[in-house]
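Read through the structure below, which is laid out as structure tokens, and then see the notes.
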Amino acid sequence: MNISRRHFTRAVVAAAAPMILPSRILFGAETPSNKVVTAHIGVGGQGGGDLGGCLGVATCQPVTACDAFLSRAKAAAGRMGAGAMATQDFREIMARSDIDAVVISTPDHWHVPLALAAVKSGKDVYVQKPLGLSIAQNQILREAVHRYGAIFQYGTQQRSFNRQCGQAAEIVRNGGIGRLKEIHILCPNGATGGNPEPQPVPADLDYDMWLGPAPVRPYTNDRVVGGGRWYVRDYSLGFIAGWGAHPLDVADWGHPHIPVEIEGTGRISPTGLFDTMVDYDITGRYADGVLFTLKASGRNDTRFVGDEGWVAAGRGSFSAEPKSLMSRATAPGEVRLLQGPNHYANFIECVRNRRTPASDIDSAVRSDTVSHLCDIAMRTGRKIHWDPVKETITGDETATRMMTCAMRGPWGV
């Protein structure tokens, strides 16, 4: 008898855990066998959009909403339909064997701990970008995804919703611009400011759970429901990862490698709550000699330059020289990267069929690692050397230590 990885793992988890009721008892009706049952952790702005995307997939059945804000969890559960559960404690989700996959759309500092817990409990994961708060976190999650045979989809939707990004990457991978020489990335800048003054904790917020592995700090609105989740280093690398994940992902799609040298400048605002890097200006080099730049900009763009032309793509933009490249068709036998126009449908279909999604764990780790190396180069003020075989920074003990980050107990990875 053939048993899928997902069903086998769920059986093992159920055997090792307290008795868990099947979905037909929990929700009053038999769950159709062709539907993927999902739980959603973090259901605010981005998470609410991710829930809507999953609700639009006929073969997906969201049944549980989790958020440190109870009002958000209840509102999201109401969108799911009768019998859906709202909770502030993600551990209730991990203990259930009836849930196939978890969609993680929390602030960044929770991404890897939650994804790791989900994978270890036999569940597949859709994880919003960026990935981890450190290179080490990324590597630990990648190892677990492969070890447990989990399906992992990264929330870089430009691989689906913006087909021109895939077209550009296919052109590069198939030699349409000749030999690749340079990759230039423009990324929206981060923000400065933020009010650091302590404020009362909202009544429906479990603030200790929201903080999780981050240090204990006084509550302030800008830290939690404002920009803090993007611009405070306790919870995020900053916009160089939070938005940079998109153009860096396109770069990795077209050239799946990590630069071996990175250096550059940036700054941290001396006042206000926000303390991630802004005004970044980065240069680097890949092992094959391809040059790399990343600059803060009002645009989101990835430009590949070859010895026979160039192609550039971003959110809603596509250009090339010669212009005939824009209509170049991918020929039989060439590399094909596009899987479909709907990122959520792609994830659900891959959970059902055990295929690798459009944005897999390996590409997620590579592109997010580039963000971290850029941040480390700016903070140290030195050129960073990356060993692609050992996957570590070399020749700089201080920079190497920055590949890890402290986590508040009992949370960890």
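The values are calculated or read from the model by the stated rules, or taken from the named source; none is laboratory data. Since the model is a prediction, treat every value here as computed from it, not as a measurement. Note that each Cβ is placed from the backbone with ideal geometry, even for glycine, and that neighbours are counted across all protein chains shown. Side chains included, ligands, DNA and RNA excluded: accessible areas come from the protein's heavy atoms. Shrake-Rupley method; radii C 1.70, N 1.55, O 1.52, S 1.80 Å.
Being among the hydroxyl-bearing types (Ser, Thr, Tyr), surrounded by fewer than 18 Cβ atoms within 10 Å (Cβ to Cβ) and closer than 23 Å to Arg163 by Cα is a description that does not apply to Thr380. Residues of region 134-143 that are assigned to a helix (DSSP H, G or I) and not β-branched (Val, Ile, Thr): Ala136, Gln137, Asn138, Gln139, Leu141, Arg142, Glu143.
Asp279 satisfies every condition listed in (1) more than 28 Å from Arg142 (Cα to Cα); (2) part of a helix (DSSP H, G or I) except (2).
Here the condition is being under 26 Å from Val413 (Cβ atoms) and among the β-branched types (Val, Ile, Thr); of Val63, Val36, it holds for Val36 alone. Restricting attention to region 144-174, the residues that are free of Cβ contacts under 8 Å to residues at least 12 places away in the same chain and assigned to a loop (DSSP other than H, G, I, E, B) total 0. Here Asp301 meets the list (1) open to solvent by less than 20 Å² (accessible area, probe 1.4 Å); (2) touching an Asp or Glu at 6+ places or on another chain (Cβ under 7 Å) almost entirely, failing just condition (2). The strands (runs of 3 or more DSSP E) found entirely in region 299-385 that carry 1 or more residues being in contact with a Leu (Cβ under 6 Å, 6 or more places away or on another chain), over 28 Å from Arg233 (Cβ atoms) and in contact (Cβ under 8 Å) with a residue 60 or more places away in the chain are 301-306, 309-314. The criterion of being in contact with a Ser or Thr (Cβ under 6 Å, 6 or more places away or on another chain), modelled with pLDDT of 95 or more, surrounded by fewer than 19 Cβ atoms within 10 Å (Cβ to Cβ) and more than 22 Å from Glu321 (Cα to Cα) does not hold for Asp288.
So which residues in region 255-284 are surrounded by 15 or more Cβ atoms within 10 Å (Cβ to Cβ) and closer than 22 Å to Lys390 by Cβ, if there are any at all? Matches in region 255-284: His255, His257, Ile258, Pro259, Val260, Glu261, Ile262, Glu263, Gly284. Number of residues in region 394-411 that are exposed (fewer than 12 other Cβ atoms within 10 Å of the Cβ) and in a loop (DSSP other than H, G, I, E, B): the value is 4. Taking region 359-389 as the range and being under 29 Å from Ser121 (Cα atoms) and of a type in the set (Lys, Arg) as the test, only Arg366 passes. Restricted to region 175-216, and to residues there that are assigned to a helix (DSSP H, G or I) and touching a residue at least 60 places away in the same chain (Cβ under 8 Å), the residue that is nearest to Gly264 (Cα to Cα) is Leu211.
Of all the criteria given as (1) within 20 Å of Asn162 (Cβ to Cβ); (2) open to solvent by 10 Å² or more (accessible area, probe 1.4 Å), the one not satisfied by Pro332 is (1). Going through (1) surrounded by fewer than 20 Cβ atoms within 10 Å (Cβ to Cβ); (2) among the aliphatic types (A, V, I, L, M); (3) within 21 Å of Arg379 (Cβ to Cβ) one by one, Met209 falls short only on (3). Candidates in region 204-256 are the residues that are touching a helix residue (DSSP H, G or I) at 6+ places or on another chain (Cβ under 7 Å) and aromatic (Phe, Trp, Tyr); of these, the one that is nearest to Val305 (Cα to Cα) is Trp253. For Leu248, the requirement of being buried (at least 20 other Cβ atoms within 10 Å of the Cβ) and assigned to a loop (DSSP other than H, G, I, E, B) is not met. Every condition in (1) modelled with pLDDT under 95; (2) among the aliphatic types (A, V, I, L, M); (3) surrounded by 23 or more Cβ atoms within 10 Å (Cβ to Cβ) holds for Ala17 except the one numbered (3).
On the stretch given as region 157-206, residues that are open to solvent by 20 Å² or more (accessible area, probe 1.4 Å), more than 23 Å from Val225 (Cα to Cα) and hydrophobic (A, V, I, L, M, F, W, C) total 3. Being over 18 Å from Asp360 (Cα atoms), out of contact with any Gly (no Cβ under 8 Å at 6 or more places or on another chain) and of a type in the set (Gly, Ala, Ser) holds for only one residue in Ala214, Ala168, Ala115, and it is Ala214.
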